[in-house]
Amino acid sequence: MKNYILVLFTLLSFGLKAQDVIKTNKGEIKIHPIVHGTLALEYNGMTLYVDPYGGAEGFSGLNDADLILITDIHGDHLNPNTLKALNTSNSHFIVPQAVADQMEAIDNKSIEILDNGKATQFKDINIKAIPMYNLPESEDSRHTKGRGNGYILSIANKTIYISGDTEDIVEMRSLKKIDVAFVCMNLPYTMDVESAADAVSEFKPAVVYPYHYRGQGGLSDVEKFKSIVNNNTKKVEVRLRNWYPSN
């Protein structure tokens, strides 16, 4: 009986781990939720960090980043304390101009500025910057159009969307053929669960991770998000992961 339980536990553990591996025609992409809007990807010996935040301990067990993407200037995206605690001396950064303007003290191999609508390449990854902003658009909004970047990554035959801090904008709703999406949902900084679910139900990524879901009222109801999406479409797999391990 003990052996049976051990085998069952091993199979379940393997299955849960396998859920965060995306298979491409040129190798596997491993997805690592870190905290809030922070994640890491591993692909063919390369390590990518997105918005390093929360301290270096969240990246324990991972290699130093070859590539770091930063979406915006706010402290949960551009976090100097975390960046200084990590070894970024050999990291290539891709950032919007507003972020580059605040990176004088960050150790790096190189900083590449990417504006909305522009694209670049790092090794085998194609990267496009797209808008992320609040609605209605205004000069005093928390996230003005053009300041920050959402990112679309093309890795082998898979496409990954990273929303950054955005509301339910047309640029997100009009996305096509997204394999994996990371979509924010936290009031009052981005959008509510209903808006996020409605947008996801329209652009229909194959897999979506709710992330960046801590707001002024605590954690957003990601189970509700999953329920709405599942009721709207069977084409989207919603993956809920623990982005807030201390809660």
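The values are calculated or read from the model by the stated rules, or taken from the named source; none is laboratory data. Only a predicted model underlies this, so the values are computations on that prediction, with no experimental measurement involved. Positions of Cβ are generated from backbone atoms using ideal geometry, with glycine treated the same way; all protein chains shown enter the neighbour counts. Accessible surface is based on the protein model in full, side chains and every heavy atom, while ligands, DNA and RNA are left aside. Shrake-Rupley method; radii C 1.70, N 1.55, O 1.52, S 1.80 Å.
Taking only protein heavy atoms and a 1.4 Å probe, the accessible area of the chain is 50% carbon and sulfur.
Global size of region 139-201: 12.0, 39 Å for Rg and Dmax (C-alpha atoms, Rg to one decimal, Dmax whole). With Cα atoms as the point set, region 30-112 shows a radius of gyration and Dmax of 11.4, 32 Å. Each label was represented as a point 7 Å from its Cα along the Cα-to-Cβ direction; for Glu139 and Asp198 these points are 3.0 nm apart.
In region 104-226, the convex hull through the Cα atoms has an average projected area of 8.8 nm², a quarter of its surface area. Region 95-126 to region 173-247: how many Å between their Cα centroids? Computed from Cα coordinates, the inter-centre distance equals 26 Å.
In the complete set of protein chains, residue-level accessible area for Asp115 is approximately 80 Å², probe 1.4 angstrom. At a probe radius of 1.4 angstrom, the accessible area of the chain per residue rounds to 48 square angstrom. The heavy atoms of His32 present about 50 square angstrom of accessible area, all protein chains included, probe 1.4 Å. Computed from the alpha carbon atoms alone, the convex hull of region 185-246 holds 69 Å³ per residue. Find the percent of Cα-Cα distances in region 70-127 that exceed 18 Å, and round it to a whole number. Pairs farther apart than 18 Å: 31 percent. Residues in region 124-133 carry Karplus couplings, in order, of 9, 10, 8, 10, 10, 8, 10, x, 9, 6 Hz; the curve used is 6.51 cos²θ - 1.76 cosθ + 1.60 with θ = phi - 60°, and Gly or Pro positions show x.
Converting phi to 3J(HN,Hα) with the Karplus coefficients 6.51, -1.76 and 1.60 and the offset θ = phi - 60°, region 229-243 yields 4, 5, 6, 7, 7, 9, 8, 10, 8, 9, 10, 9, 10, 8, 8 Hz in sequence order, with x at every glycine or proline. Using the Cα coordinates of the chain, the gyration tensor eigenvalues translate into equivalent-ellipsoid semi-axes of 27, 23, 18 Å, sorted from longest to shortest. FRET efficiency for the pair Gln121 and Lys224, taken as 1/(1 + (r/R0)^6) with r the Cβ-Cβ distance and R0 = 35 Å, rounds to 0.35. Quick check on my link table: of Lys30/Lys128; Lys23/Lys176; Lys30/Lys145; Lys128/Lys204; Lys30/Lys123, which ones sit more than 29 Å apart, alpha carbon to alpha carbon? Cα-Cα > 29 Å for Lys30/Lys145; rest within. Counting only DSSP H runs of at least 4 residues, each contributing -39500 (n - 2.57), and dividing by the residue count of the chain, the helix-based mean residue ellipticity at 222 nm comes to -6000 deg cm²/dmol.
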